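Chemist: Once you've had a glance at the structure underneath, I'll fire off some questions.
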Amino acid sequence: MSNNCIETYQLTKQYGNKTAVNQLNLTIKKGGIHAIVGSNGAGKSTLFRLLLGVATPTSGYAKVLGQDSQKLSADIRGKVGYVNEEHTLPNWMAVEKVVAMQKHFYAKWNESIYQKVIGFFDVDPKQCVSGLSRGERAGFNLSMALAQSPEILILDEPTLGLDVVAKQSFLEALMFTETENESTIIYCSHQMEEVERVADNLIILEKGRLTNNSIPDDFVERISSWIVDFNEINIEPSQIQGLLSMKKIDGQCHLMVADQTPDTFRNHLTALGAESIHSIGVNLNSAVNAFLSKNHNVPS
């Protein structure tokens, strides 16, 4: 029995001349919260469409709970929950009526989980869905998705547009329920402070390709930041090993680099003529931002 809930092999999706997912080989283990991050156009939403079987790959394949995503049985589909940024719900129904309908469709409905999660949000069961705030809709959607007892729950930008209070409630509910059930949560977000708070594993996509699949701390260890004085020596970006970003501030070079051993990199900078070299700390937010934006931050 595989310990992976998601597996892709050379998964590719093209739209005309655009390649949204590019020969992606990805495995996601069962359990925990797996954050998927990437710049706009990295292929995250396309990947979800392929996993859910609503888009057809150009080549390669994906497996969800051991089954080809293009041939998902009703049983497997019932084990996959999905919450998107729109929080699509039947606006004309009262909250309690929507819950009653969901209970009818999901035999493994967990009322205890529903009540515990909805408790993080101020939702009146008799209120019409159309009258819910965006934060209440998000909480209601999450409560129902988790109460369905899914083996996999995909959250696609679920906190987009929420205010600070609603976002806080959503994240607290998410972390609470991670310990209450056995769902594997796949969480897509552009908000790195959220990822840093909830993620057990960090998956980074760039132009449809996998560039990282590790625990967040291991990824941060790959990135280092330096303040360097080259004493007016003209250094080209191509000369600096592993360069992600290079900015000149008050005559000094501020560098972020990837996959460089500190002592070796310090010697490398010295060989380039650096006279003053200082290493500074890096957090997940700055590390991921530099990693994703390296094509924009490095001068040509």
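The values are calculated or read from the model by the stated rules, or taken from the named source; none is laboratory data. Keep in mind that what you see is a predicted model, and the values were worked out from it rather than measured. Backbone-built Cβ (ideal geometry, glycine too); neighbour counts: all protein chains shown.
Chemist: Is it true that some residue in region 120-133 is on the phi > 0 side of the Ramachandran plot, buried (at least 16 other Cβ atoms within 10 Å of the Cβ) and either in contact with a strand residue (DSSP E or B) (Cβ under 9 Å, 6 or more places away or on another chain) or assigned by TED's automatic domain parsing to the domain that holds GLY38 (or both)?
Modeler: no
Chemist: Tally time: how many residues in region 82-110 are in a helix (DSSP H, G or I) and either under 13 Å from LEU142 (Cα atoms) or touching a residue at least 40 places away in the same chain (Cβ under 8 Å) (or both)?
Modeler: 4
Chemist: Since HIS278 meets every condition but one in (1) over 28 Å from GLN191 (Cβ atoms); (2) at pLDDT below 90, which condition does it not meet?
Modeler: The one condition HIS278 does not meet is (2).
Yes/no matrix, rows are residues, columns are (1) part of a strand (DSSP E or B); (2) out of contact with any strand residue (DSSP E or B) (no Cβ under 7 Å at 6 or more places or on another chain):
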{"position": "THR8", "(1), (2)": "yes, no"}
{"position": "LYS13", "(1), (2)": "yes, no"}
{"position": "ASN22", "(1), (2)": "yes, no"}
{"position": "ASN25", "(1), (2)": "yes, no"}
{"position": "GLY31", "(1), (2)": "no, no"}
{"position": "ILE36", "(1), (2)": "yes, no"}
{"position": "ASN40", "(1), (2)": "no, yes"}
{"position": "SER45", "(1), (2)": "no, no"}
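Chemist: Just to be sure I understand the filter: pairs with C-beta atoms under 8 Å, separated by 6 or more residues or on different chains, first member in region 186-197 and on the phi > 0 side of the Ramachandran plot, second member part of a strand (DSSP E or B) and among the aliphatic types (A, V, I, L, M). Which pairs pass?
Modeler: Close Cβ pairs satisfying both conditions: none exist.
Chemist: Continuing with the same structure: Out of region 242-285, which residues are touching a residue at least 60 places away in the same chain (Cβ under 8 Å) and closer than 10 Å to SER224 by Cα?
Modeler: VAL282, ASN283
Chemist: Still on this structure: Please give the helices (runs of 4 or more DSSP H) falling wholly within region 186-276 in which 1 or more residues are within 25 Å of the chain's Cα centre (by Cα) and more than 30 Å from SER169 (Cβ to Cβ).
Modeler: Answer list for region 186-276: 216-222.
Chemist: For LYS126, are the conditions met, namely being farther than 18 Å from ALA138 by Cα and either outside any helix (DSSP H, G or I) or in contact with a helix residue (DSSP H, G or I) (Cβ under 9 Å, 6 or more places away or on another chain) (or both)?
Modeler: In short, no.
Chemist: Looking at LEU160, LEU171, which is the one that is outside any helix (DSSP H, G or I) and within 14 Å of the chain's Cα centre (by Cα)?
Modeler: LEU160
Chemist: A follow-up question, please. Here are some residues: ASN267, ASN201, ASN285, ASN234. Which one is closer than 30 Å to ASP163 by Cβ and either of a type in the set (Ser, Thr, Tyr) or out of contact with any strand residue (DSSP E or B) (no Cβ under 7 Å at 6 or more places or on another chain) (or both)?
Modeler: ASN285
Chemist: Being exposed (fewer than 14 other Cβ atoms within 10 Å of the Cβ), among the β-branched types (Val, Ile, Thr) and under 23 Å from SER39 (Cα atoms) narrows it down to one of ILE215, ILE280, ILE233, ILE223, so name that one.
Modeler: ILE215
Chemist: Applying the selection to region 64-85, what residues are within 20 Å of ALA147 (Cβ to Cβ), out of contact with any Asp or Glu (no Cβ under 7 Å at 6 or more places or on another chain) and not β-branched (Val, Ile, Thr)?
Modeler: Within region 64-85, ALA74, ASP75, ARG77, GLY78, GLY81, TYR82 meet the criteria.
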